[in-house]
Structure formats: structure tokens, C-alpha cells
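Below you'll find the structure, written out as C-alpha cells, and then a few comments.
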Amino acid sequence: WSPELSSDLYRIDGWGAPYFTVNSSGDISVRPHGTDTLPHQEIDLLKVVKKASDPINSGGLGLQLPIVVRFPDVLKNRLESLQSAFDYAVQSEGYEAHYQGVYPVKCNQDRFVVEDIVKFGSGFRFGLEAGSKPELLLAMSSLCKGSSEGLLVCNGFKDAEYISLALVARKLQLNTVIVLEQEEELDLVIDISRKMAVQPVIGLRAKLRTKHSGHFGSTSGEKGKFGLTTTQILRVVRKLKESGMLDCLQLLHFHIGSQIPSTELLADGVGEAAQVYSELVRLGAGMKFIDIGGGLGIDYDGTKSSDSDVSVGYGLQDYASTVVQSVRFVCDRKNVKHPVICSESGRAIVSHHSVLIFEAVSSTTTRSQELSSMSLHSFVEKLNDDARADYRNLSAAAIRGEYDTCMLYADQLKQRCVDQFKDGNLDIEQLAAVDAVCDFVSKAIGAS
């Protein structure tokens, strides 16, 4: 065995790159600065766990597993990588506005995580997104120490107390945007802002027609749970105009769904949203921002596949370039000034930065029954003609050394025997015997 074989078995260079790898000792090694990590900066995770869990009298911290180990430098690198990808896309596409990210607090509400994000992101206007009153209080507290240009995006269900709190945040000079997700929220915003003598900045969440059909796309499409339909958007614009507050409408928000699998789907959704944004400009709204929501995916299984719910078929730079190109194309065609682009990437920012470590309390081993030549003969005799043909083909392939063909016939034989068992034509001893045959074949040819 070797570290290389470990790395290959667990596909760590697929899902872990560039933050996790297998070091020469065969342990998981953390690279806190991604590809810029120097050899002496790598962290052996096993040594960290040993230090944390060893008794105090042995020089350890005496902590009990399970424990969560956080790497703030990974968080910093994720923020910088996201910003860098959009900065490059903006520059290369000749885009005439900038990008500024927003971290959705619901993704990880740990105080230290939120405060680190505000601290690391203050140099490039990074803000926070809140979806409830407790999250809004946390975001207000944290953003007081962040960039004055960082957005405080207020999503979620809004009652009078939530809206009042958001307007207080605006009084505190925080760059607060109240995003309408239900049409009736507008009346509350207009009424409370007048009572508090605060000029609100309003956004609205559009319910796009673009549909993310994967596991994480249940909130997308025109039948999604959240956002305003085209008709509702027009009614909101009309009501704001009648109230003399149309200039307060400055942000368009949408969300295709988490783990967007491909840049084709992303381009379709962003393009549709850019059309809505351009129409709002035409109707006289004081538009400045387009918030593309979350959806930047993580490749959890290392397959880099757009057909998997736990993978994505693109990289960070592909994502940023697709967003910028899609917005620029529509705005140029409509002769609309390029908006500031925001995104609410949560899992893409925090997923790599913490590791949950727990103790294995037991293990399971599989022991197959031993087959003598007599019991094997008895087993074959009870097979139906098709299964017996599979067994003969399996034997012939084994003699020829055709290992792939061996596995093919072994799988076929097993399935036929399972079908026979379900039909009541094979007893349980025979079913165990076919398992033993297939296990023997796998071990003999070294298949995993």
C-alpha cells in the first residue's frame, strides 16, 4: 500500500483539491492557502486531532471526539478566489461595473465564521444576507466592522418587526436592501418607512421561468415557492410609482437553486433575469444591482459531472465568466447600464473550511462461505439453463484470463440467481453460494 493508492482510492484530488491531499506519511494534509500553500505551511490533520484529543497530562488539550476543526485561512482563500474569478471576468469581458459578494448567514451561523467572512471580505465590499430576525441581528452586529459598501440583503418572510429592524439598520448607515418575496410585504415597507422617516432601498425577488430540475432545484421555476411573478412585479412597480418611491427599487434578486449543475443552465437563468432587470430600468426604477442568488456548486464526489447531484461540470472561473457574459450581453443589447453583480454563495465559501472528526466505534467485515468442489457442483446443478450458461462462460473467461469478461458474467450470474430466488426456485443456501462464487472471483482478479 502507498499514499498514492490511498489518494486514488478516496479520490481526494477530485473532491479535495486544492485544500486536501494525502501526504508522504499517508495522512490527510490540509493546504490552507490552496495552490499557494508552501510545503512548510501544510497541516497534518492527524497531528491536529492527536493534539486536541490527547490527555492534558500528555501535552494534549483533552478534548473528546467528535470535534470540528476549522481552518480560517481556507475561508479567506475561498473569498479571495471567488472575488478574483469575478474580477478577471469583469476585466476580460469589458464589463463596466464590479462584483461584490454576499454571504448567506443561514449556511453557517457560527459567529466566528460570519465575523471572519466580514473581516476577510472587507477589502472587496463583501456583505451578508439574512433570512430571519435573528440572522439580521447577527449580520447587523458583524457588518458594523466591515465595509461600508458591503450589502446587507434582507430576504425571507417579513413581518412589521423584521422590516422595522431592517430600517433601523439603514439608519445605522448599513447598506441595507429589503428584498420583497411576497407582494403584500410592499405595503408594510412603504407604511413603516414613512413612520420611521427612513428612505428604504428595495429589491424584489423574481420567480424566473428557468427551472433547475436537479435535487436542489425545488425552489426554482415559475411554480417555485418564493418570489414574484411577472404580473406581481408590474403591480409592485405601479404601486411604488404611485407612492413616489420608484427610485427606491434598486435590486433584482433571483435564485435558480443550489448546486447548479452546468453553465448552460446558469446562462439561461442569468440571461432571463437580465431581461427582467432591463425591463425594470425601462419602467423607471432606480436599478443598480443584480443579485444572482446562490447555486455555485461544490464537487463533492470528484467526478466533475453535471449529471450528478453532488458534483458540477464547471470551475470557479467558468461560473464567473458565464454570469458576467450573460448580464453584459443582455444589457448591451437593451442599451442598459451594466449593474453591479452580487452573488450569495454559501456552500462554495464555507464547505472546505471545516472538518468534522469522529471516532469509528465498530467495523463490519464480510466473510463468505467456503465452497468445496462437491458443493460447487451441487450449486451448478440447481441453476436454470441461462444461469448455468453464465457459469460456464465465467469459467471459460477465467481460464483465458479475461478479467473484465469474468466480472460481467459473475454479475449476470448473480442477478439471474437473485431472480430465481425471488421466484421461489432457489433456496437461501444456493443464494449464499452464488455470493461466495462472485466474491471468490472478485478477490482472485483483484477487483474492488
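What follows is calculated from the coordinates using simple rules that are stated; it is not laboratory data. Computed from a predicted model, the values in this text were never measured in an experiment. Because the Cβ atoms are built from the backbone with ideal geometry, glycine has one as well, and the counts that use them run over all protein chains shown.
I need the trypsin sites (Lys or Arg not before Pro) found in region 123-186, filtered to DSSP loop residues with at most 10 other beta carbons within 10 Å of theirs.
Here the sparse-neighbourhood loop sites are K145.
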Set of region 29-63 residues, backbone N closer than 11 Å to the point 7 Å along the Cα-Cβ line of Y10:
29-30, 45-46
Residue-count net charge about V105 - beta-carbon cut-off 12 Å; Lys, Arg +1, Asp, Glu -1:
-2
Just subtract the alpha-carbon distance of N384 and A197 from 0.36 nm times their residue separation and send over the number in nm, one decimal.
58.8 nm
With a cap of 12 neighbouring Cβ atoms within 10 Å, and only residues DSSP puts in a loop, list the GluC sites (Glu not before Pro) found in region 45-132.
E96
Using label points projected 7 Å from each Cα along Cα→Cβ, tell me how many nm separate Q64 and D27, to one decimal.
2.5
Considering the chain as a Gaussian network with a 10 Å cut-off on Cα pairs, which listed residue, M374, M196, M287, attains the greatest mean-square fluctuation?
M374
Sort 102-114, 433-445 for me by packing, meaning the mean count of neighbouring Cβ atoms within 10 Å per residue, highest on top.
102-114, 433-445
Would you please give the FRET efficiency between E96 and T405, computed as 1/(1 + (r/R0)^6) with r the Cβ-Cβ distance and R0 = 60 Å, to the nearest 0.05?
0.50
Kindly provide the helix-only [θ] at 222 nm of the chain, computed as the sum of -39,500 (n - 2.57) over DSSP H runs of four or more divided by all residues, to the nearest 500 deg cm²/dmol?
-14500 deg cm²/dmol
Subtracting the Cα-Cα distance from 0.36 nm times the residue separation, let me have the gained length for R282 to T303 in nm, one decimal.
3.2 nm
Between L188, T364, S278, whose Cα lies farthest towards the positive end of the dipole of the chain when Lys and Arg beta carbons carry +1 and Asp and Glu beta carbons carry -1, centred on the Cα centre?
L188
Could you tell me whether region 47-160 comes out rounded, prolate or oblate from its Cα gyration tensor? Rule is a ≥ b ≥ c as square roots of the eigenvalues, rounded for a/c under 1.5, then prolate if a/b exceeds b/c, otherwise oblate.
oblate
Just how large is the dipole of region 72-353 about the Cα centre, in debye to the nearest 20, putting +1 at every Lys and Arg Cβ and -1 at every Asp and Glu Cβ?
740
Label-point separation in nm, L376 to F157, each point 7 Å along Cα→Cβ:
6.6
Hey, can you list the DSSP H helices of the chain whose Cα span along the axis is 20 Å or longer and whose average Kyte-Doolittle score is at least 0.0?
263-282, 428-445
Given the candidates G123, L204, S142, the one whose Cα lies deepest towards the positive end of the charge dipole of region 97-247, counting +1 at each Lys or Arg C-beta and -1 at each Asp or Glu C-beta, is L204
Which one, R194, R70, R328, has the greatest fluctuation when you compute a Gaussian network model over the chain with C-alpha springs under 10 angstrom?
R194
At most 15 other Cβ atoms within 10 Å and a DSSP loop assignment: could you name the GluC sites (Glu not before Pro) in region 331-395 that fit?
E359, E370
Listed candidates (1) 44; (2) 25; (3) 40 - label of the one calculated as percent of Cα pairs over 39 Å apart
(3)
Pick out, from Q83, Q232, H98, the residue whose Cα sits farthest towards the positive end of the charge dipole of region 72-353, with +1 on the Cβ of Lys and Arg and -1 on the Cβ of Asp and Glu.
Q232
To the nearest 0.05, how large is the calculated FRET efficiency for Y88 and V418 if R₀ is 60 Å and r is the Cβ-Cβ distance?
0.65
Computed FRET efficiency, Cβ-Cβ of K337 and F226, R0 35 Å: what is it to the nearest 0.05?
0.80
Using a Gaussian network model of the chain whose springs link C-alpha atoms within less than 10 Å, name the residue from L172, L151, L376 with the highest mean-square fluctuation.
L376
Using the alpha carbon gyration tensor of region 373-445, what are the three equivalent-ellipsoid semi-axes (square root of 5 times each eigenvalue), largest first, in whole Å?
20, 12, 11
